[in-house]
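Read through the structure below, which is laid out as structure tokens, and then see the notes.
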Amino acid sequence: MRYGQLTIRKVPDQVNTVLRERAAAENESINQAAVDALTRGLGLSDVEAIHHDLDDLAGTIPFVVLAELRAGFASGTHGPANEKVLTLFLNRARVSTLFADEATTMIYARLFFQLRKQGTPIPVHDIWIAALAAQHDLVIFTRDAQFEALPQIPRI
């Protein structure tokens, strides 16, 4: 393969920032990150181009959601690529991971009892997500209908 050389000027700040973040996350040079991005963007790679539709999103991700995502990555065919995107997203200054504490366990117990009494069980992971949302006054972004069993938990 022959190689050419380019000099790129007037790189927009957002592109510069994302390239530098990607280079750092992948432990490679900024030049290599740029070549990789150009290769994917031009459709010359076996790796599908990565689109960052959530770049402007700020928020909190419960530890359980991270575990579920990584479990899916482990059993999927694009695990390493998905993990890289997740790492870039998590490294943004406006994104934080939310962990359970003793207060969360108390809320979890109340929600578990409510669901049992209602006869509307939901997956254990989702109870943890609901407990964290209730504890920190957060809104859950979900398509999962099972959260309807917990009307006191706001969701979109």
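Here are a few things to note about the model shown:
- Region 142-156, subset part of a helix (DSSP H, G or I) and touching an Asp or Glu at 6+ places or on another chain (Cβ under 8 Å), residue nearest to Ser96 (Cα to Cα): Phe147
- Residue within region 19-32 that is modelled with pLDDT under 75, farther than 18 Å from Thr97 by Cα and out of contact with any helix residue (DSSP H, G or I) (no Cβ under 9 Å at 6 or more places or on another chain) present: no
- In the set (1) surrounded by 15 or more Cβ atoms within 10 Å (Cβ to Cβ); (2) touching a helix residue (DSSP H, G or I) at 6+ places or on another chain (Cβ under 7 Å), Ala133 fails one condition alone, (2).
- Residues in region 91-141 that are assigned to a loop (DSSP other than H, G, I, E, B) and over 14 Å from Phe63 (Cβ atoms): Asn91, Arg92, Ala93, Arg94, Gly119, Thr120, Pro121, Ile122, Pro123, Asp137, Val139, Phe141.
- Within region 86-112, residues that are free of Cβ contacts under 8 Å to residues at least 24 places away in the same chain sit with their Cβ atoms under 9 Å from residues that are of a type in the set (Phe, Trp, Tyr), at 6+ positions apart or across chains, in these pairs: Leu86/Phe73; Tyr108/Trp128.
The values are calculated or read from the model by the stated rules, or taken from the named source; none is laboratory data. A quick note: this is a predicted structure, and the numbers were derived from the prediction, not measured. Backbone-built Cβ (ideal geometry, glycine too); neighbour counts: all protein chains shown.
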